[in-house]
Amino acid sequence: MSALTSIAGTSKNPFIRFLTSPFIWLIAPAVIFLLVMIAFPLGYVLYMSTQDFLVGLQATAVGLRNYLQMLADPVFWIGLRVTFTLYIISLAAQLVIGLWIALLLNRNFTGARSLRTILLSPLAMPPVAVGMMWLILLDPEFGPINYLLKVLGLPNLLFLASPHQVVPTLAAIDTWQYTPLIVLILLGGLRSLPDQPYEAAVIDGASNVQQFWYITLPLLRPAIITAAVLRSIDLLRFFDTIYITTQGGPGTASTTLNIYAYKSGFVFFHMGYASALMIALFVIVLVMVFALSLFRRSVQ
Amino acid sequence: MSDAGVRRGKPASLWTRIALLVQYLVVSLIILLPLLWLLTSSFKPSAEVTRYPPSLVFQPILDNYVRLFHTLPYALYTLNSIIVAGGSTVLGLFLAVPAAFAVSWYRSNWPATVSLMARMAPGGLYLLPWYIIFNRLGLQGTYLALALTHTVITMPITLYIMSSFFDGIPRELIESGFVDGLTMIGIVRRIAIPLAAPGMVVSVILTFILSWNYFLFALVLSNINTSPLTVAAFRFVGEGVTDWGMLMAATMVLALPPLLLAFVVQRWLVQGLTLGAIKG
C-alpha cells in the first residue's frame, strides 16, 4: 500500500496535495495546450462576434447587431437551406447504402475480406484529393462519367457546373468517400448481435426479410444512430470538398453555412460577422447531436 | 436484402452465391474505378487523358510528375506537408502520452468529452481568433503556427489511442514500479511507454495521416513558402488548369502517402476517424 501514498501525494493541505499529485503534472501539458489553443480562442471568438471588425481597422462594439444582421441576411438562409439539403440527402444515401454493404460483408464469402480493405481507400484520402479527382471525372465536356453516360445512351449532365445538380453531386461525392465509415461501424454492430433471436425465428419459420425487419434492424439501431451522429457532425460542417470544387458556386447554389462563414471572414474579412456565423453553425451542430442522442436514449 | 437474416454457417445456394458476387463486384468497382482512372491518368500524356474510349493499355510515362516537380515547387510543398504533419504528430505525442497514462491510471473520463466537443466545432470557429492572434504575434505563415494548429487534431486522437493501450497494461506491473521506488514520470518512461510501444506506432501513423489530410487551417495560416500539398493543390485547381495529366499527378502526390499508411493501421483508421466511438 506504500505505493498508493506516493500516488496520492503526502501533504495534509489539500491544495498542496493537489499541486504535488503526479496526475496534475502528467496532464498539465495537455491541459495548458487546450486552454491556450481551444478555450481562449473560443472566448475570443464570442467577443469578436459582438464587434464590427474588418481586418486592419479598429473594432467597434456592436452588441448583438451581427446576429440580427445574420437573421436578416438572405444568404444566411440560403446557406442554412443548402446545408440541410446536403446533409439530409447525403445522410439518407449513406445510411441505406452503408447498411446494404454491411449486410453484404457480414456474409461469409471469398472476397469479403478484400472488400473490407478496399473500403478503407476513400476514407484514407484527403478530401481535397477526392474533390480534385471528381472535379475531373465529372467535367461536363471531357470527363469520363459523361462519356460513360453517352455510351449507355443517357443524356449528359452538367454536375458541379449546374446550380440544380451541384448539391446532389456533392452529396454523391461525399457518399463515395464516407459510406465506408458507416459500413465499418455497422459491421461492428452486426458482428456483436446475439444468435438466439435468429435461432428462435428460424424455428418459428420467419422468412429472411422478416428476420431482417424484426430482428436485425431493431437490434442494430444503436449502431445506426452512432454512425448517424458521427456523419451529422461532419456533414453539417461540410467544407473541404465544396471549397476545392465549386467554392460555393455556381452563384450561391452550394454555399453551405460553413462556406459562407469562411468567405465572410477570410475572403471579405468581416471577422465579426463571420464569428457570429461560425457560432450559429456550432450551435446547430450541438443541437442536432443533442437531438440524436435523445433519440438514441428513447429507442434503447 | 433477402439474405439479411441468414448469417452464419448455412451453406448458401449457387444462386445466392452468384448474387453476392455481383453485389461485391458492383461495390468494388464503384470504389476502385475512379481511383484506377486517377492512377492511370497521372501516367498518361495530357492529350491522352481525355481520349475516349480511354486506353487501358498504354506506355506509362513519368512526364506529369517530372513537370510537376520542375515547373512548380512541389518538392517544397511536399516537404511542407511532411514538416507540418510530422511536427504536429510529434507535438501531439509529447502532450498526449503523459496525459493518456494519467487518464488510464486514474480512470478519468473528461478527455473523451473534451475531444468530442473540440471535434464538433467547425474548424473556422478556432481559425478566426487564431488568425488575429497569430498575426499579432507575427507567427502568420510560419511552420510553428501550422504545427500548433494541426496539433489540435493530432492530440485528442493520440490521447484516445494511447489511453486505450495503457488500459491494456496490468495494474500490478505499474504498481511494482512504485514499490521499486520509481517516480510517476519514471514509471511512464521506463514501464508504461515500452509496454505500449505498438500504440505509439499506431498513434504516429494515424495522426500523421489525419494531419496530412487536413486542409482548412493551412488554407488561411500558410503563405506561399510554407503551404502544404493540400493548399498547393487548391491553388493549382484555382488557376483553371487544362493540364489534366499534371493535375492528376498532383492529386496522386497528395493522396498516395495517406493511402499507403492507412493499410498499415487498417482497423485503427476507423477508430481514429470516429474518435473511439467504435471498437474496430
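Averaged per residue, what accessible area in Å² does the protein assembly as shown show with a 1.4 Å probe, protein chains only? Walk me through the numbers on the way to the answer.
Details: 25560 Å² over 580 residues.
The answer is 44 Å² per residue.
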Dimensions (Å) - segment B:136-280, Cα atoms, principal axes, largest first: 68, 40, 23
Residue (of A:Val166, A:Ala124, A:Ser21) at the positive-pole extreme of chain A, dipole from beta-carbon charges: A:Ser21
Unit Cα scatterers, Debye sum, segment A:209-295: log10 I(q)/I(0) for q = 0.19, 0.20, 0.22 Å⁻¹: -0.87, -0.92, -1.02
For A:Gln51, distant residues with modelled amide H under 5 Å away: A:Val62
Distance between modelled label sites at A:His164 and B:Val241, nm, 7 Å Cα→Cβ extension: 3.4 nm
Segment A:73-299 - charge dipole about Cα centre, Lys and Arg +1 at Cβ, Asp and Glu -1, debye rounded to 20: 260 debye
Mean Cβ count within 10 Å, highest first, over the residues of peptides A:157-166, A:230-239, B:133-142: A:230-239, A:157-166, B:133-142
Virtual spin-label span in nm between B:Leu29 and A:Ser298, 7 Å along Cα→Cβ: 4.3 nm
Coarse-grained scattering of chain A at q = 0.08, 0.12, 0.13 Å⁻¹, given as base-10 log I(q)/I(0) from a Debye sum over alpha-carbon atoms: -0.55, -0.99, -1.07
Largest to smallest principal axis extent of the C-alpha atoms in chain B, angstrom: 73, 67, 32
Burial ranking of peptide ranges B:50-61, A:279-290 (average Cβ count within 10 Å, highest at the top): A:279-290, B:50-61
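Which of rounded, prolate, oblate describes segment A:84-185, given a ≥ b ≥ c as roots of the alpha-carbon gyration tensor eigenvalues and a/c under 1.5 marking rounded, otherwise prolate only if a/b is larger than b/c? If you can, show how the numbers build up before the last one.
Numbers: a/c = 1.93, a/b = 1.62, b/c = 1.19.
Note, shape of segment A:84-185 comes out prolate.
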Number of partner chain Cβ atoms within 10 Å, mean per residue of A:138-146: 3
Size of charge dipole - segment A:40-167 - debye, nearest 20, with Cβ of Lys, Arg +1 and Asp, Glu -1, no other charges: 520 debye
Stretch gain in nm, segment A:Val287-A:Val36, where the contour uses 0.36 nm per residue and the Cα spacing is subtracted: 87.8 nm
Loop-resident sites, segment A:95-145, for chymotrypsin sites (Phe, Trp or Tyr not before Pro), counting at most 15 other Cβ within 10 Å (DSSP): A:Phe109, A:Phe142
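Tally Lys and Arg at +1 and Asp and Glu at -1 over the other residues with C-beta under 14 Å from the C-beta of A:Leu235: what net charge comes out? Kindly include the intermediate steps, with their values, before the conclusion.
Values: positive: A:Arg231, A:Arg237, B:Arg119; negative: A:Asp174, A:Asp234, A:Asp240.
My count for the surroundings of A:Leu235 gives 0.
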For a label point 7 Å along the Cα-to-beta-carbon line of A:Asn208, residues of segment A:75-103 with backbone N under 20 Å: A:96-103
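Using the Cα centre as the reference, give the magnitude of the dipole from point charges on the C-beta atoms of the protein assembly as shown (Lys, Arg: +1; Asp, Glu: -1; all else neutral), rounded to the nearest 20 debye. Intermediate results must be reported in sequence, preceding the final value.
Numbers: 31 positive and 19 negative charges, 176 e Å.
It works out to roughly 840 debye.
Note the full-extension length gain between B:Leu139 and B:Leu195 as 0.36 nm times their separation in residues minus their Cα-Cα distance, in nm to one decimal.
Working: separation 56, 0.36 × 56 = 20.16 nm, distance 3.82 nm.
Difference between extended and current length: 16.3 nm.
What ranking of A:Lys263, B:Lys44 comes out by heavy-atom accessible area, probe 1.4 Å, highest first?
From most accessible down to least: A:Lys263, B:Lys44.
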Shape metrics for the protein assembly as shown, restricted to C-alpha atoms - Rg then Dmax, Å: 25.5, 84
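The values are calculated or read from the model by the stated rules, or taken from the named source; none is laboratory data. These numbers come from a predicted model, not from an experiment. So basically every Cβ, Gly included, is an ideal-geometry build from the backbone, and we count neighbours across all protein chains shown. Calculation scope for accessible area: heavy atoms of the full protein, side chains included, ligands and nucleic acids excluded. Shrake-Rupley method; radii C 1.70, N 1.55, O 1.52, S 1.80 Å.
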